[in-house]
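*Asks:* Below are the structure tokens for one structure; questions will follow.
The values are calculated or read from the model by the stated rules, or taken from the named source; none is laboratory data. Small disclaimer: the values here were computed from a predicted structure and weren't measured. FYI the Cβ positions are ideal-geometry reconstructions off the backbone, even for glycines, and counts take in every protein chain you see. Accessible surface is based on the protein model in full, side chains and every heavy atom, while ligands, DNA and RNA are left aside. Shrake-Rupley method; radii C 1.70, N 1.55, O 1.52, S 1.80 Å.
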Amino acid sequence: MTRFEPKIVVFLCNWCSYAGADLAGTSRIQYAPNARAIRLMCSGRVEPYFILEALHKGADGVLVLGCHPGECHYLEGNYRTVGRMALLKKVLSQFGIEKERVRLDWVSASEGARFATIVNEMTETIRTLGPFEEKDA
Amino acid sequence: MPNTDHDSETLVQTEGKVGAVMVLGAGVSGIQAALDVAYSGFRVYLVDKGPAIGGKMSQLDKTFPTNDCSMCILSPKFIECSTNPNISIITSAKIDGIEGEAGDFTVTLLQRPRYVDEEKCTGCGTCAEYCPVNILDTYNEALAKLKCIHIPFPQAVPAISVIDPTQCLFALRKICQICVPTCKNKAIDFHQRERKLDIHVGSIIVAPGYEPFDPQRQSQYGYRRLRNVVTSLEFERILSASGPYQGELVRPSDGKPPQKIAWIQCVGSRDTTVDNTYCSAVCCMYATKQVILSKEHDPNLEAVILHNDIRAYGKGFERYYERAKKMPGVRYIWSKASIVKERPDSRNVVLRYRINGTEVKEEEFDLVVLSVGLNSNEGNRELAEKLSIKTNDHGFCESPKFSPIETSRRGIFSCGVFHAPMDIPDSVTMASGAASLASQLLCEQRGTLVEEKVYPEERDVRGEPPRVGVFVCDCGTNVARVVGVPKVVEHARGLNGVVHAVEETFACSVDAIAHMVETIKEKSLNRVVVAACTPRTHEPVFQDVLRKAALNPYLLEFANIREHCSLVHMGEKKEATEKAKDLVRMSVTKALLLEPLYRVSYNVTRAALIIGGGIAGMVSSLVLARQGIKVYLIEKAKELGGLARKISKTLEGEDIQDFLNDLIREVNENPLIQVHTETEVVNFSGYVGNFSSKVKIGKEGIIKDIEHGVTIVATGAEESKPKEYLYGEDARVMTLLDLDEVIEKDVDRFKDCNTMVFIQCVGSRNEEHPYCSRVCCSHSIKNALKLKEIKPEVDIYILYRDMRTYGFREDYYKKAADQGVIFIRYDVDDKPDIQTVEESGKSLLRVTVTEPILGQRLMIDADMICLAAATVPPAKNRSLSQMLKVPLNEDDFFLEAHMKLRPVDFATDGIFMCGTAHSPKFIDESVAQAQAAASKAFTLLIRTAIEGEASVAEVNELFCSGCRVCELTCPYGAISLEADRGVAVVNKALCKGCGTCVGACPSGAILGKYFSTEQILAEITAALAA
Amino acid sequence: MDKLKLALYWASSCGGCDIATLAIGEKILEVAETAEIVFWPVAMDFKYKDVERMPDKRIDACLFNGAIRTSEDEHMAKMLRTKSKIMVAYGSCAYEGCIPGLANFFSLKSILERVYEETPSTDNPGKVYPQTRVQMPEGDLEIPELKNMVKTLAQTVDVDYFVPGCPPEEKTTWLALEALLNGKLPERRSVISHSSKALCEECSLVREGRKVKKFYRPYEVIPDPEKCLLEQGLLCYGVATRGGCGAMCPQAGMPCTGCYGAVEGVIDQGVHFLTALGSIIDSTDPVEIKQIVDGIVDPAGTFYRYSLPVSLFRRAKSV
């Protein structure tokens, strides 16, 4: 039987987490090929709606990675993300969706290894959970 | 500054000056200076002795006191430098000679060969994979290895390879050359020789930085002998996620995580035995930072800091220190430690130190960090000699009084640690100040040597059906050997809207770029997707391509198939190819929705409003007025001068009043400066380039309207009035400023004074003011020395918590001790006590304090007592902060945009701060900060127009309900509700394009350009479409 | 000229919408003048078979309220669609599922268990459940089947217009009726309301631009009657709800609960309100932000009170 390969959408902010992902690259740190990154300027641009859309369109998990608290290039954007994601997680669990399918975390520009670890962890977590399926009818 | 002949020269002599500046040293100071100079309209040569820019800051893990990731905040500046057409980065170079004078120097540089053609190398790194020679990685403080041909570190700028000729087999023995054929661009060139470059510049900014003290000079630390004794800089690399252990906190001997770490402070600082008597000013804080970060790695870790005075004197430092001190398992111990031995089995290190003065303790640690000081090395001395500028006894740059940035030679300025040991914000501040002085000097030559790129007129593509061109880069073999590039190209060809898809060996090579421009034109492409490396470094390169091809630069979309794909999925070619296809499809899908974007430009009112007429306000006024800017300087008091009016001399003995009077005279005489005393701002509106204020002038309260392009807040600080120690009750108890006045005007009062007691930290570092007032320790020392001069037989006691005479002020602390001033440390929980007692008909002030070494109460009968009262922000800061809509910190000082890299800027564009409005500081520091604030202001004011970001937010009024949610999320105050129409309006001059408001709008009424909801949803859909 | 033939029907609803149609007051006389009511089960005696007998498109307009929850709802929706020229989803239930739609947080099984076994007032030792077909001496009885998924009218049949509100405000109802009576109809599939923007636009409470430190439920605070309720920490849904109702609730001190549905162009009203709330929290401490968020009780129920069946997921993956 072939192993389930989860599809993961990752939102990266330009200044920290995207740079961290770049560093993972230049440092040749190997990680699971399941993630597809979308670059935004700030994690504050991530609308919870995007996350729902991603799941709705077939993603099995969604990662949102921003600058560490206090390090946001735009001062406070990542705090807005904290508030939204905290609420979204509560709502998702009321929707019966495993909260592990959505993860908010922080990666700085020097944390290439951390980026790789998070993507690997997420891939494994989602692999264990299995594909995301909406219930219908 | 007060050096008036210098200034007249600036104003009069215009002949033969060169509108270019050389910056020697490309650490954070040099980089900042280079950027500011370039933005002021001059050509810049940024020179570094190493192969990449970045300096020591690039090696740091995090920065105190915010724990900001060092590389996160620094690397964007690298890119800013490398993409600025007016900054030439010259690496691996040192100065050979200098001729000429201020305004017209010819500098000769010697540039070592890189053995790699800078024009041809794309930084792909393939050569390094084949190089058989491993060398020590100096970026990682020799804790790791890299190849003899290498890129210095992952984020290096310039990102091109370099060969270390001292270890290269070919350079040494004419064998090998394996690397040469591996380079598809034929960039490796062993024929390169040392080059001599003659460069004409009008001014030079010297910022060579420092070398960490080498602890091998003192055998007692066992450095290099004991594997688990490391320097603080080595420890930075150990902590760093990009360091030798990928951010795992492990020790060098066995790679195991340490359970117990000791920091030994003042290694190579405050130490007469190695001739470094000065304090290195940053070690207490970086050690504290390392403690906090280590505890983040392992919360159970035990940390011991063996220290002398803890010098947490900067903004936010005291709170940071308190935070570390309160962590479980953290012990700050006041003691000098020595290393006893290494345990042969575990290689643990045993330290011996004294506690409570007498008791000797031995303790074993897994790892010992030496907090090494900052030295000005032999290279700096040599540099100073070549430039004929004077250095002080410690080898740091000497500067004229009250002008820390000037050197002994006209036209040459210094900044950063080369001036004195200092932290990053002070370095950045000085750098901006240095830029400002260079800019003043070369005022008339502004704009003469800068170039602006000329592009063909943009083709209007609106309304055209999308014609997407996809360029997929092999990056030599970096992409191509993992990703099946032909398959990706094939996939791209089949995508909707794609009319051209092609494989490139190196998309960023000069030939490929020229070809790309032609292709765009030939095929009438109107959207371009580059599938290559990261847009963070290469977006500017390809945006340039689009502009050359008459396309709007925002019609470009990147697909990162290198860093995010081929380099990280090397063993999974099939998956990597699929991922690359997905990434290209995502980008193409987004590209279909791209629209041309334009920066909106705004006119600038060439005038400045400066609030506060103390030293900082006056200095910044002069910097601007001397360069032709109209200045409105308003002061709430009757006279200019501020707090400095009350102080006669500095610690170093310089006359403050002379300096102040010169300043006031020059301010009053300058026709461009309009001074209003007894004046306050009563209304403030507008935005960068276009502020309008109302000020209320004089007793009559005349209201005046002022239009200005920038605002500088220089409202100063005050000395607090103590509420303890009989202050106000007994005339013999006074504050430092009171004592200054007595020394100045009433020396007779010391006739009957045989014993004088100074009490430090009165009102500072307590619950009311949990910060250090920075200046009081030195102020007390100054007054103690003065008193000893007036009356040598007087007994002086200074009761202190930590003497914070950082930097070269340490020498005066030592001098006071040498002159018999007695220093007694007290604990905050056991403060000194004062009683008035009558003895033999004489009234005495009896001070009781616990002597820490003996542990006994000590009684001192004093004739006079001087309290080092806290420096506090004026109460009016609050209303001003509300009016200007700029924040205060928790102590009511103004809060800068970024503690490290934007120390004089507010988050709101066009508003700056300087002097003690920012935090307590010395006069020379205020001067440097005032120059920096003026420099920043000036870079805005000289523009004919201010350009906003192109990718900004835009409100669709048809959907906006005026709920104000967006306004709440904007940290830049760029959004406001237009009251009449009840809709939100984005001020495009202030919008930074973060998109937080776009994400927050519950009505979907805000368009985030370049990252629109539609575009992002398209990417999501495309990502999942496979 | 023939009078306009009007049908009104209630599917799974509370009856409020039917009452709301009467709330237009004396304007009902105008309706009576120009329209003929051909079907209105709640008020007049018609039988389903009367409708069945009508030729297709006999009815000019049908105001259909209620969600589609039972086989009967579905049957009637389809039948009325066939018989009507214009189908109007009238009221929040028909438009977006509304309160009946909250059933989508649960499975049919768990709802039945709850109702027929678990509630404290239930005594059902034999575990008797309603059946769709029961044999009685008088013959077979059939009652409609309850569906696992509550749907909106538009998820069942093609709908021409939507009238929002739980129930629609008088002026909204009149706006729709007037359009029907005068034949001046807006673009097909549009939502008929006086506003396409969020409610805040028509709310007179003063917004000062303040972030929220703590969220309250209405009984926990007495709000300042002049100021924006959301800024006072009440979960006023006005920021993410279509206006047109006149903002009577917030202006009377009760936070908007979102019954007019999403504003024009927004898909998934709930997640947009969620986003707005998450964005206005007055803290820069992640731990504190989470604590503040925890102060919101039943967030999904609050955000999707009226719109769960039209949300992206339409229902929970419930047990």
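*Asks:* Once the whole set of protein chains is in place, how much accessible area is left on C:Arg217, using a 1.4 Å probe, in Å² to the nearest 10?
*Replies:* The accessible area of C:Arg217 comes to roughly 100 Å².
*Asks:* Can you tell me which aspartates and glutamates have their Cα less than 17 Å from the Cα of B:Lys573? Leave out same-chain residues fewer than eight positions away.
*Replies:* Straight-distance partners of B:Lys573: A:Glu5, B:Asp474, B:Glu490, B:Glu563, B:Asp582.
*Asks:* Could you report the buried accessible area between C and A, both sides summed, computed with a 1.4 Å probe and given in Å² to the nearest 100? Before the final figure, lay out each step's value.
*Replies:* Values: alone 16940 and 7810 Å², together 21700 Å².
Chains C and A together bury roughly 3000 Å² of accessible area.
*Asks:* I've got another one for you. In whole percent, and with a 1.4 Å probe on the protein chains, what portion of the accessible area of the range B:820-902 is carbon and sulfur?
*Replies:* Accessible surface attributable to carbon and sulfur in the range B:820-902 totals 51 percent.
*Asks:* If you count, for every residue in B:988-996, the Cβ atoms of partner chains within 10 Å of its Cβ, what is the mean? Write out the running numbers ahead of the final one.
*Replies:* On the way: counts 0, 0, 0, 0, 6, 5, 16, 11, 16.
Average neighbour count from other chains, rounded to a whole number: 6.
*Asks:* For a protection proxy built on the mean count of beta-carbon atoms within 10 angstrom, sort B:374-383, B:558-567, C:3-12 highest first, please.
*Replies:* Numbers: B:374-383: 18.2, B:558-567: 26.7, C:3-12: 22.3.
Packing order, densest peptide first, comes out as B:558-567, C:3-12, B:374-383.
*Asks:* So, one more: Which pairs in the list B:Lys630/B:Lys704; B:Lys295/B:Lys315; B:Lys751/B:Lys815 are over 20 Å apart, alpha-carbon to alpha-carbon?
*Replies:* B:Lys295/B:Lys315; B:Lys751/B:Lys815
*Asks:* Right, another one. Just to verify a number: FRET efficiency for B:Ala979 and C:Ile28, C-beta to C-beta distance, R0 = 35 Å, to 0.05?
*Replies:* Values: r = 40 Å, r/R0 = 1.15.
Calculated value: 0.30.
*Asks:* Hey, for a label at B:Glu669 modelled as a point 7 Å past Cα toward Cβ, could you say which residues of the range B:638-652 have their backbone N under 19 Å away?
*Replies:* B:640-641
*Asks:* Now for a separate question. Would you mind getting the accessible area per residue of the range C:199-310, heavy atoms of the protein chains only, 1.4 Å probe, in Å²?
*Replies:* Details: 4240 Å² over 112 residues.
Each residue of the range C:199-310 exposes 38 Å² on average to a 1.4 Å probe.
*Asks:* If the cut-off is 16 Å between C-alpha atoms, which aspartates and glutamates fall inside it for C:Lys47, apart from same-chain ones fewer than 8 positions away?
*Replies:* Of all the aspartates and glutamates, those that pass the test against C:Lys47 - Cα under 16 Å, at least 8 places apart if same chain - are C:Glu72, C:Asp73.
*Asks:* Normalised by the number of residues in the range B:642-729, what is the relative contact order in percent for Cα pairs under 8 Å and 6+ residues apart? Kindly include the intermediate steps, with their values, before the conclusion.
*Replies:* Working: 90 pairs, mean separation 15.7, N = 88.
It comes to 18 percent, rounded to a whole number.
*Asks:* Could you work out the helix-only [θ] at 222 nm for chain B, with each DSSP H run of four or more residues adding -39,500 (n - 2.57) and the total divided by the number of residues, to the nearest 500 deg cm²/dmol?
*Replies:* Per the formula, -8000 deg cm²/dmol.
*Asks:* Based on the mean of other Cβ atoms within 10 Å per residue, sort peptides B:96-104, B:852-860 so the most packed one is first. Each step should come with its number before you reach the end.
*Replies:* Working: B:96-104: 15.8, B:852-860: 12.6.
Final packing ranking: B:96-104, B:852-860.
*Asks:* With the dipole of chain B worked out from charges on the C-beta (+1 for Lys and Arg, -1 for Asp and Glu) around the Cα centre, which of B:Val588, B:Val623, B:Val461 lies farthest toward the positive end?
*Replies:* B:Val588
*Asks:* Hey, which lysines would be in cross-link range of C:Lys151, C-alpha to C-alpha under 23 Å, not counting anything within fewer than 8 residues on its own chain?
*Replies:* Partners found: A:Lys57, A:Lys135, C:Lys78, C:Lys83, C:Lys85, C:Lys109, C:Lys317.
*Asks:* Any idea what the relative contact order of the range C:92-195 is, in percent, if you count C-alpha pairs under 8 Å spaced at least 6 apart? Each step should come with its number before you reach the end.
*Replies:* Values: 99 pairs, mean separation 30.9, N = 104.
Relative contact order here is 30 percent.
*Asks:* Taking each residue of B:531-538 in turn, how many C-beta atoms of other protein chains fall within 10 Å of its C-beta, and what is the average?
*Replies:* Numbers: counts 0, 0, 3, 8, 4, 8, 2, 0.
Taking the mean over all residues of the peptide, I get 3.
*Asks:* Still on this model: Can you compute the helix-only [θ] at 222 nm over chain C? Use -39500 (n - 2.57) per DSSP H run of at least 4 residues, normalise by all residues, nearest 500 deg cm²/dmol.
*Replies:* Numbers: 12 runs with 91 residues, N = 319.
Calculated from helices alone, the mean residue ellipticity at 222 nm is -7500 deg cm²/dmol.
*Asks:* Shape of chain C from its Cα gyration tensor (a ≥ b ≥ c, root eigenvalues): rounded if a/c is under 1.5, otherwise prolate when a/b > b/c, or oblate?
*Replies:* On the way: a/c = 2.32, a/b = 1.28, b/c = 1.81.
It comes out oblate by the Cα gyration axes.
*Asks:* Using a basic spin-label model with each label point 7 Å from the Cα along Cα→Cβ, how many nm lie between A:Glu121 and C:Gln251?
*Replies:* Calculated label separation equals 5.2 nm.
*Asks:* Before we go on, tell me the buried accessible area for the A/B pair, both chains summed, 1.4 Å probe, in Å² to the nearest 100. Walk me through the numbers on the way to the answer.
*Replies:* On the way: alone 7810 and 41200 Å², together 44360 Å².
Using a 1.4 Å probe on protein heavy atoms, the buried area is about 4600 Å².
*Asks:* In addition: Let a ≥ b ≥ c be the square roots of the eigenvalues of the Cα gyration tensor of the range B:719-872; is it rounded (a/c under 1.5), or, if not, prolate (a/b larger than b/c) or oblate? All intermediate terms of the calculation are to be shown ahead of the outcome.
*Replies:* Working: a/c = 1.25, a/b = 1.11, b/c = 1.12.
Here the range B:719-872 falls in the rounded category.
*Asks:* Here is a follow-up. Using a 1.4 angstrom probe on the protein heavy atoms only, line up B:Val291, B:Val604 by accessible area, largest first. Display every interim value, and only then the final one.
*Replies:* On the way: B:Val291 0, B:Val604 25 Å².
Reading off the accessible areas and sorting them downward yields B:Val604, B:Val291.
*Asks:* Let me ask something else about it. Which is farthest toward the positive dipole end of chain B among B:Phe396, B:Gly447, B:Leu556, measuring Cα position about the Cα centre, with Cβ charges +1 (Lys, Arg) and -1 (Asp, Glu)?
*Replies:* B:Leu556
*Asks:* For the protein assembly as shown, with the dipole built from +1 on Lys and Arg beta-carbon atoms and -1 on Asp and Glu ones, taken about the Cα centre, which of C:Met248, A:Leu104, B:Val107 lies farthest toward the positive end?
*Replies:* It is A:Leu104, whose Cα lies furthest towards the positive end.
*Asks:* Let me know the mean shielding of C:285-292 by other chains, meaning the per-residue number of their Cβ atoms within 10 Å of its Cβ. Display every interim value, and only then the final one.
*Replies:* Working: counts 4, 12, 2, 2, 10, 7, 1, 3.
Going residue by residue through C:285-292 and averaging, the value is 5.
*Asks:* Please arrange C:Trp40, A:Trp15 by accessible surface area, largest first, computed with a 1.4 Å probe and ligands excluded.
*Replies:* Largest to smallest exposure gives the sequence A:Trp15, C:Trp40.
*Asks:* Place a point 7 Å from Cα of B:Asn603 in the direction of its Cβ. Which residues in the range B:919-954 have their backbone N less than 19 Å from it?
*Replies:* B:940-948
*Asks:* Using a ≥ b ≥ c from the Cα gyration tensor of the range B:113-192 (square roots of the eigenvalues), is it rounded, prolate or oblate, where a/c under 1.5 gives rounded and otherwise the larger of a/b and b/c decides, a/b for prolate? Before the final figure, lay out each step's value.
*Replies:* Numbers: a/c = 1.68, a/b = 1.12, b/c = 1.49.
Note, shape of the range B:113-192 comes out oblate.
*Asks:* Using the Kirkwood radius built from alpha carbon pairs, what does the Stokes-Einstein equation give as D for the range C:107-147 at 4 °C and 1.567 mPa s, in µm² per second? Provide the component values of the computation, followed by the final result.
*Replies:* Working: Rh = 11.7 Å.
This corresponds to a translational diffusion coefficient of 111 µm²/s.
*Asks:* On to the next question. So with the 1.4 Å probe, I'd like the accessible area per residue for chain A, rounded to whole Å². Don't jump to the answer; show the numbers that get you there.
*Replies:* On the way: 4020 Å² over 137 residues.
Roughly 29 Å² per residue, with all protein chains present.
*Asks:* May I pose another question? Give the accessible surface of chain B per residue, rounded to a whole number of Å², with probe radius 1.4 Å and ligands, DNA and RNA excluded. Don't skip to the end; give the middle numbers.
*Replies:* Values: 38140 Å² over 1026 residues.
For chain B, the solvent-accessible area averages 37 Å² per residue.
*Asks:* I would also like to ask the following. Restrict the search to the range B:255-327; then list the GluC sites (Glu not before Pro) that DSSP places in a loop and that have at most 16 other Cβ atoms within 10 Å of their Cβ.
*Replies:* none
*Asks:* Oh, and also: Probe 1.4 Å, all protein chains in place: accessible area of C:His194 in Å², nearest 10?
*Replies:* 100
*Asks:* A further question on this structure: Counting Lys and Arg as +1 and Asp and Glu as -1, each charge on the Cβ, what is the dipole of the protein assembly as shown about the Cα centre in debye, to the nearest 20? Could the numbers behind the result be given before it?
*Replies:* Values: 174 positive and 195 negative charges, 591 e Å.
Dipole about the Cα centre, nearest 20: 2840 debye.
*Asks:* Now a separate question. I'd like the carbon and sulfur percentage of the solvent accessible area for chain C, probe radius 1.4 Å, heavy atoms only, ligands and nucleic acids excluded. Don't skip to the end; give the middle numbers.
*Replies:* Numbers: 8060 of 14760 Å².
Reported share for carbon and sulfur atoms: 55 percent.
*Asks:* Could you state how much accessible area is buried at the C-B interface, both sides summed, with a 1.4 Å probe, in Å² to the nearest 100?
*Replies:* The C and B chains share an interface burying roughly 1500 Å².
*Asks:* Let me ask another. Roughly how large, in nm² to one decimal, is the mean projection of the convex hull of the alpha-carbon atoms in chain B? Show your work: numbers first, answer last.
*Replies:* Numbers: hull surface 179.3 nm².
Projected area, direction-averaged: 44.8 nm².
*Asks:* For the range C:97-149, which chymotrypsin sites (Phe, Trp or Tyr not before Pro) are in a loop by DSSP, counting at most 12 other Cβ atoms within 10 Å? If you can, show how the numbers build up before the last one.
*Replies:* Details: sites: C:Phe105, C:Phe106, C:Tyr116; in loops: C:Phe106.
Listed in order of number, the matching sites amount to none.
*Asks:* Accessible area of the range B:411-457 with a 1.4 Å probe: how many percent of it is carbon plus sulfur?
*Replies:* Values: 740 of 1480 Å².
With neighbouring chains kept in place, the figure for the range B:411-457 is 50 percent.
*Asks:* Now for a separate question. So between B:Ala171 and B:Glu522, what do we pick up on full extension, going 0.36 nm a residue minus the alpha carbon distance?
*Replies:* Values: separation 351, 0.36 × 351 = 126.36 nm, distance 4.63 nm.
Using 0.36 nm per residue and subtracting the Cα-Cα distance, I get 121.7 nm.
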